[in-house]
Amino acid sequence: MLSGALISTLGIYSHQRGLRYPRLSFEHSAVPASVLSSEQLELDLRDSIAVNSHTIRAIAPEPCIFIKRLGRSASVKVLNVASNAVLELDGIASAEIDEEVDGTARIVHITEVNQGSTLKWSLPVTDGFEFAVMGDTGGGSELAWTLKRAHELGAQFLLHLGDFNYSEGEYEMAIEHFNNAKLPCYVTIGNHDFHTDGLIYDKFISQIGPMNHAFELAGTRFINVDTAVDFWPAGSGHRGALFNSLTNAGPFIGEQVIFTHRPLKDPKPDDDHEIGGIGEVDWLVRQSHKLGIATVLSGHVHHSAELDYQGLRQITIGEGLGYEDLVLQKPVAKILMASVEPHKKLTHRWVDLNMPWSEHQNATHLIKLKSDRLHRQLEWFAQLQKT
Ligand SMILES: [Fe+2]
């Protein structure tokens with residue numbers, strides 16, 4: 001009797017909190033509020049997270065900091081801020097602030113402020129902008145190249161569609177590349193970033209950002225949706241909470257774009273590298289229609305492809321490792337550039353990734369290449385034997 005009650009209670013708890021699989025686990029507990037607290041100061045953070053007691057990472061293009069408490073003076077470093085972002089002050093005299101620009105990092109020295117003062121970075125992009133999109137880069141030279149290429153193409157930021165961690169050490173390398181890039185990057189979590197031999201996403205939450213988050217820029221809403229591994233039930237966990245909060249916020253006028261790791265539908269016929277949880281795709285499609293979302297950007301499948309899935313435009317951008325370059329022995333991989341313009345639908349163009357041969361270094365795809373070549377040779381021998 002007691003065990004029956006226990007099972008029932010556990011079932012209700014699991015249903016509410018949400019289960020993740022494979023590697024069956026509960027959805028992670030709530031991330032502490034975005035607060036930076038040290039001896040010298042206490043900050044409330046919007047669209048940014050505290051990486052440590054003196055460093056913040058922006059997780060959206062226009063981060064905002066509320067100063068709750070300040071000692072005599074303090075310095076804080078804000079990572080992942082675009083070079084054209086302008087610091088706006090509220091409740092602080094500009095003489096009390098000194099801002100240094102170091103790539104995409106801003107080092108802010110504050111000497112004296114009123115309680116409740118605000119620092120906000122704004123972007124002059126009311127006329128529109130372009131952003132780059134790419135997934136499945138691994139965390140090494142291919143990621144560094146993608147960031148370089150996106151910057152060279154004039155992207156305001158890069159949306160990274162996950163899977164920057166194919167092998168030991170790549171997580172740390174990727175974080176280093178994200179932090180040292182010449183443009184900001186907003187990252188959705190991939191299956192390889194979520195788990196390997198165990199759960200590894202704590203580094204994602206503490207160093208990169210939440211797994212589900214939305215931001216707006218120039219009238220367009222970008223929604224980072226966690227599809228790293230399956231959810232049960234589909235609407236549970238932080239992802240369900242994000243969709244609920246967006247729905248409760250009321251109608252959104254403007255384009256809305258989901259960026260996520262796994263596609264709703266594998267664009268390769270006969271393949272099924274897509275979201276696979278029970279009822280999960282249907283739930284995501286329903287939520288997207290309810291909110292008026294038109295576009296879903298996904299990676300996971302190492303190809304570039306576009307399709308319409310139940311009224312949603314799905315664009316898959318997964319050539320971050322440039323694998324087909326090696327297979328075909330010519331540069332064919334593409335990166336996506338998408339364009340936001342006032343009162344217009346989102347448009348996009350495919351651009352050559354142009355990754356030099358020297359940057360194709362990820363061991364995972366080199367091993368796959370060898371095995372694919374061997375496989376093709378074996379098929380060829382089998383054909384020969386038949387003839
Ligand atoms: Fe993946």
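The values are calculated or read from the model by the stated rules, or taken from the named source; none is laboratory data. Note that the structure is predicted; figures quoted are calculated from it, not measured. Glycine gets a Cβ as well: all are built from the backbone with ideal geometry, and neighbour counts include every protein chain shown. These accessible areas exclude ligands, DNA and RNA; they are computed on the full protein's heavy atoms, side chains included. Shrake-Rupley method; radii C 1.70, N 1.55, O 1.52, S 1.80 Å.
Could you run through segment 243-264 and say how many residues are open to solvent by 10 Å² or more (accessible area, probe 1.4 Å), of a type outside the set (A, V, I, L, M) and assigned to a helix (DSSP H, G or I)?
The number of residues fulfilling the criteria is 4.
For segment 169-189, give me each residue that is within 19 Å of Trp121 (Cβ to Cβ) and in contact with a Phe, Trp or Tyr (Cβ under 6 Å, 6 or more places away or on another chain).
Selection gives Leu183, Pro184, Cys185.
Determine whether segment 233-242 contains at least one residue that is within 16 Å of the ligand (Cβ to nearest atom) and open to solvent by 20 Å² or more (accessible area, probe 1.4 Å). If you could, list the steps in order and put the result at the bottom.
Taking segment 233-242 and keeping what is within 16 Å of the ligand (Cβ to nearest atom), we get none.
Within segment 233-242 (the criterion being within 16 Å of the ligand (Cβ to nearest atom) and open to solvent by 20 Å² or more (accessible area, probe 1.4 Å)), the answer is no, since none of the residues qualifies.
Picking from Asp272, Asp308, Asp325, which residue would you name as being open to solvent by less than 20 Å² (accessible area, probe 1.4 Å) and without any contact (Cβ under 8 Å) to a residue 60 or more places away in the chain? Lay out the reasoning, then the answer.
Numbers: Asp272 fails: open to solvent by less than 20 Å² (accessible area, probe 1.4 Å); Asp308 fails: open to solvent by less than 20 Å² (accessible area, probe 1.4 Å).
Asp325 is the lone residue from the list that is open to solvent by less than 20 Å² (accessible area, probe 1.4 Å) and without any contact (Cβ under 8 Å) to a residue 60 or more places away in the chain.
Output the number of the condition that Ile110 fails; it satisfies all remaining conditions of (1) at pLDDT below 95; (2) open to solvent by 30 Å² or more (accessible area, probe 1.4 Å).
Against the list (1) at pLDDT below 95; (2) open to solvent by 30 Å² or more (accessible area, probe 1.4 Å), Ile110 comes up short only on (2).
What are the residues in segment 216-233 that are modelled with pLDDT of 95 or more and of a type in the set (D, E, K, R), if any?
Glu216, Arg221, Asp226
Looking only at residues in segment 200-229 that are open to solvent by 30 Å² or more (accessible area, probe 1.4 Å) and part of a strand (DSSP E or B), which one is farthest from Gly135 (Cα to Cα)?
Of everything passing the filter in segment 200-229, Glu216 is farthest from Gly135 (Cα to Cα).
When you scan segment 127-159, how many residues do you find that are among the charged types (D, E, K, R), within 16 Å of the ligand (Cβ to nearest atom) and either closer than 22 Å to Ile56 by Cα or not in a loop (DSSP other than H, G, I, E, B) (or both)?
Within segment 127-159, the subset among the charged types (D, E, K, R) is 127, 130, 136, 142, 148-149, 152.
When the remaining residues are screened for being within 16 Å of the ligand (Cβ to nearest atom), the result is 136, 142.
From what is left, the residues that are either closer than 22 Å to Ile56 by Cα or not in a loop (DSSP other than H, G, I, E, B) (or both) are 142.
Residues flagged as among the charged types (D, E, K, R), within 16 Å of the ligand (Cβ to nearest atom) and either closer than 22 Å to Ile56 by Cα or not in a loop (DSSP other than H, G, I, E, B) (or both) within segment 127-159 amount to 1.
Under 7 Å between Cβ atoms, at least 6 apart or on separate chains: pull out the pairs that start in segment 237-264 with a residue that is in contact (Cβ under 8 Å) with a residue 24 or more places away in the chain and among the aliphatic types (A, V, I, L, M) and end on any residue that is in a loop (DSSP other than H, G, I, E, B) and within 16 Å of the ligand (Cβ to nearest atom).
Leu264/Glu274; Leu264/Ile275
Confirm whether Leu284 is modelled with pLDDT of 95 or more, in a helix (DSSP H, G or I), within 25 Å of Val340 (Cα to Cα) and hydrophobic (A, V, I, L, M, F, W, C).
Numbers: modelled with pLDDT of 95 or more: yes; in a helix (DSSP H, G or I): yes; within 25 Å of Val340 (Cα to Cα): yes; hydrophobic (A, V, I, L, M, F, W, C): yes.
Taking the combined requirement at face value, the residue satisfies it.
Counting only residues that are in a loop (DSSP other than H, G, I, E, B) and either open to solvent by 30 Å² or more (accessible area, probe 1.4 Å) or more than 16 Å from the ligand (Cβ to nearest atom) (or both), how many does segment 160-199 have? Before the answer, list the steps.
As a first pass, look at segment 160-199 and keep what is in a loop (DSSP other than H, G, I, E, B): 161-169, 181-184, 188-190, 196-198.
Restricting the remaining residues to those that are either open to solvent by 30 Å² or more (accessible area, probe 1.4 Å) or more than 16 Å from the ligand (Cβ to nearest atom) (or both) gives 166-169, 181-184, 196-198.
Adding up the residues that qualify gives 11.
Could you list, in sequence order, all residues of segment 284-300 that are surrounded by fewer than 24 Cβ atoms within 10 Å (Cβ to Cβ) and within 16 Å of the ligand (Cβ to nearest atom)?
Those that are surrounded by fewer than 24 Cβ atoms within 10 Å (Cβ to Cβ) and within 16 Å of the ligand (Cβ to nearest atom): none in segment 284-300.
Name the residues in segment 17-51 that are under 26 Å from Glu216 (Cα atoms), outside any loop (DSSP other than H, G, I, E, B) and not charged (D, E, K, R), would you?
Val35, Leu36, Leu43, Leu45, Ser48, Ile49, Ala50, Val51
Residues in segment 265-272: is at least one in a loop (DSSP other than H, G, I, E, B) and within 20 Å of the chain's Cα centre (by Cα)?
Start the filter on segment 265-272 by keeping residues that are in a loop (DSSP other than H, G, I, E, B), which leaves 265-272.
Next, from what is left, pick out any that are within 20 Å of the chain's Cα centre (by Cα): 265-266.
Yes, some residue in segment 265-272 is in a loop (DSSP other than H, G, I, E, B) and within 20 Å of the chain's Cα centre (by Cα).
If a residue must be closer than 11 Å to Thr118 by Cα and surrounded by fewer than 21 Cβ atoms within 10 Å (Cβ to Cβ), how many such residues does segment 33-68 contain? Spell out the reasoning first.
First, the residues of segment 33-68 that are closer than 11 Å to Thr118 by Cα: 43-46, 63-68.
Filter once more, so that each one left must be surrounded by fewer than 21 Cβ atoms within 10 Å (Cβ to Cβ): 44-46, 64, 66, 68.
Result for segment 33-68: 6.
So, in segment 18-51, of the ones that are of a type in the set (A, V, I, L, M, F, W, C) and touching a residue at least 60 places away in the same chain (Cβ under 8 Å), which residue ends up nearest to His238 (Cα to Cα)? Step through it out loud before you land on a result.
Of the residues in segment 18-51, the ones of a type in the set (A, V, I, L, M, F, W, C) are 19, 24, 26, 30-31, 33, 35-36, 41, 43, 45, 49-51.
Narrowing further to those that are touching a residue at least 60 places away in the same chain (Cβ under 8 Å): 19, 30-31, 41, 49, 51.
Values: Leu19: 11, Ala30: 8, Val31: 10, Leu41: 29, Ile49: 16, Val51: 20 Å.
Top of the filtered list is Ala30.
Which numbered condition in (1) within 15 Å of the chain's Cα centre (by Cα); (2) surrounded by fewer than 21 Cβ atoms within 10 Å (Cβ to Cβ); (3) farther than 23 Å from Glu319 by Cβ is the only one that Pro124 fails?
The failed condition is (1).
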